[in-house]
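A.B. asks: Below is the structure I would like to discuss, written out as structure tokens.
The values are calculated or read from the model by the stated rules, or taken from the named source; none is laboratory data. The shown structure was predicted, so the numbers you read here are calculated from the model rather than taken from an experiment. Cβ sites come from the backbone with ideal geometry, for glycine too, and all protein chains shown count toward neighbours.
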């Protein structure tokens with residue numbers, strides 16, 4: 001498996017990256033000999049980074065105080081949940097045992113600890129231990145800022161003791177650079193940010209030993225991050241996190257942070273496109289990237305050196321992009337990465353957008369009174385109108401229509417963007433020309449979701465594949481060819497041909513993903529009609545047996561009569577889908593990928609859901625499928 005992984009990655013590398021990887025390997029070998037032990041990373045006096053955050057926390061609303069207290073109580077009761085899993089409960093008098101930082105909550109097994117150098121651990125092959133992502137998640141220490149806020153607001157000494165116990169336990173169990181907690185720069189950075197926020201809120205209430213331990217962790221992190229940066233094909237959100245960590249750690253340690261700041265500003269312009277869409281082709285990773293940049297922008301402004309206006313403009317563009325997205329819309333990978341969090345956040349993308357609007361003092365959505373980010377970054381200056389009509393994000397490759405039809409509120413997205421970002425497109429899905437559709441704010445036609453990363457196996461491939469998405473596939477093959485959990489050996493190129501707004505708007509796009517293998521180009525035209533939406537699929541250059549898929553949200557059902565399928569929520573008919581003929585199969589679940597429909601509502605969870613698939617010949621003359629929302633009065 002590792003040999004195949006290296007071969008596929010080498011195919012995605014340019015010569016300069018190969019040289020970089022060789023140099024990185026030399027540094028790893030040297031690190032095994034000389035970099036271990038806290039004694040090399042003495043704590044220096046720490047400086048406040050997020051000035052004014054303590055005063056902001058003290059001004060929390062009753063709803064915010066209640067949400068913070070609830071999150072803190074979960075931690076104090078030994079509870080932790082993330083990525084669709086709940087860790088085994090712990091006793092209040094032993095909240096942070098050393099094995100906690102190595103435990104996989106799914107398998108119950110432990111990953112290697114301080115006896116192993118971090119680069120000697122094979123994270124791509126867990127050897128039956130499970131998915132290392134679960135281990136990394138708890139090592140981010142994102143439980144601590146809510147505890148700190150609760151300590152500040154309630155004067156709860158149990159929270160103070162828990163913070164000190166967590167830091168002491170982590171420091172003891174994870175010396176530099178041993179065990180899994182140091183393997184990935186993004187994890188190092190997020191953990192450092194959690195500690196910086198915690199100290200800025202309640203550092204004066206923590207003991208000297210705890211503050212020294214934090215200083216040592218930050219000093220070791222400051223050494224580690226620039227030595228092993230994510231570059232070339234890996235320079236996605238990981239690089240943004242690493243640079244944000246370097247910048248904020250530099251401010252905390254009082255050392256030079258200009259290089260990290262400059263690189264972070266450059267990445268902002270690369271990873272948030274001019275129209276506001278994320279370069280990685282996934283709203284949640286774009287939100288994660290934006291939140292990291294926003295946090296650094298807040299520190300810079302409060303420190304008297306605000307980020308330049310073009311960076312704020314990119315953040316504002318992202319928030320505007322989110323304003324067009326249906327609340328339930330999603331595409332591409334989503335591993336629920338956060339920077340500031342109280343735990344489960346189904347409205348994460350919208351929360352980050354609202355925080356940006358608050359920080360920039362702009363109108364926006366301020367509908368979440370208990371939002372943790374709003375406490376520190378502000379709320380929108382006033383409510384913003386909900387956008388309506390057709391909007392095309394050209395750089396991001398997404399068109400959105402929001403309007404009314406047959407007495408229903410409709411939100412539709414049409415994906416005509418690239419597979420993903422950089423040469424490996426790590427978090428993209430093979431979903432070119434796919435649709436999603438919400439009726440009255442609730443999802444109906446959906447992206448299937450993510451499921452798992454390293455331990456997902458063939459199911460990881462399914463959830464990224466074309467047959468799992470609401471588009472056309474040929475012979476069950478994906479438009480882009482998968483070459484590993486985060487890699488592709490062939491990438492379909494999608495092109496928007498027409499975007500015509502108006503009463504009867506029209507969108508037309510095509511992709512070349514099937515040209516080399518099947519000699520055809522898939523073209524899809526989506527048009528608004530008086531009573532519905534017409535989807536026309538063509539295969540330019542030939543004729544093939546194809547499958548057109550509509551994946552329903554979990555909990556919906558489908559009833560077929562001849563060539564028409566009615567989609568229902570309970571006994572309420574929502575939409576009729578009329579196909580060219582009756583060659584339709586409707587199935588949910590199955591023991592193997594492709595047997596029926598599945599959706600992943602969050603990382604680590606999946607549910608059977610009905611998948612509507614029409615099969616038949618498609619050529620240049622094309623086929624037409626009609627989607628008609630059913631008026632509530634027609635029940």
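A.B. asks: If you check 79, 66, which single one turns out to be touching a residue at least 40 places away in the same chain (Cβ under 8 Å), outside the structural domain of residue 346 (by TED's automatic domain parsing) and within 28 Å of the chain's Cα centre (by Cα)?
C.D. replies: Matching residue, one of 79, 66: 66.
A.B. asks: Quick one: which of 585, 610 is over 27 Å from the mean Cα position of the chain (by Cα), assigned by TED's automatic domain parsing to the domain that holds residue 560, farther than 20 Å from residue 522 by Cβ and touching a residue at least 24 places away in the same chain (Cβ under 8 Å)?
C.D. replies: It is 585.
A.B. asks: I need the full set of residues from region 525-548 which are over 13 Å from residue 626 (Cα atoms) and assigned to a strand (DSSP E or B), in order please.
C.D. replies: Once the filter is applied, which keeps residues that are over 13 Å from residue 626 (Cα atoms) and assigned to a strand (DSSP E or B), region 525-548 yields 538, 539, 540, 544, 545, 546, 547.
A.B. asks: When you check residue 450 against the structure, is it surrounded by 23 or more Cβ atoms within 10 Å (Cβ to Cβ), in contact with a strand residue (DSSP E or B) (Cβ under 6 Å, 6 or more places away or on another chain) and in the same structural domain as residue 397 (by TED's automatic domain parsing), yes or no?
C.D. replies: In short, no.
A.B. asks: Now for a different question. If you take the residues of region 272-308 that are touching a strand residue (DSSP E or B) at 6+ places or on another chain (Cβ under 7 Å) and either outside any loop (DSSP other than H, G, I, E, B) or modelled with pLDDT under 95 (or both), which of them is nearest to residue 398 (Cα to Cα)?
C.D. replies: 278
A.B. asks: Any residue that is within 21 Å of residue 46 (Cβ to Cβ), free of Cβ contacts under 8 Å to residues at least 24 places away in the same chain and part of a helix (DSSP H, G or I) - is there at least one of those in region 242-258?
C.D. replies: Looking for residues that are within 21 Å of residue 46 (Cβ to Cβ), free of Cβ contacts under 8 Å to residues at least 24 places away in the same chain and part of a helix (DSSP H, G or I), one finds at least one in region 242-258, hence yes.
A.B. asks: Quick check: anything in region 324-340 over 17 Å from the mean Cα position of the chain (by Cα) and touching a residue at least 40 places away in the same chain (Cβ under 8 Å)?
C.D. replies: yes
A.B. asks: Next question, about the same structure. Does region 418-434 contain at least one residue that is under 29 Å from residue 632 (Cα atoms) and modelled with pLDDT of 95 or more?
C.D. replies: yes
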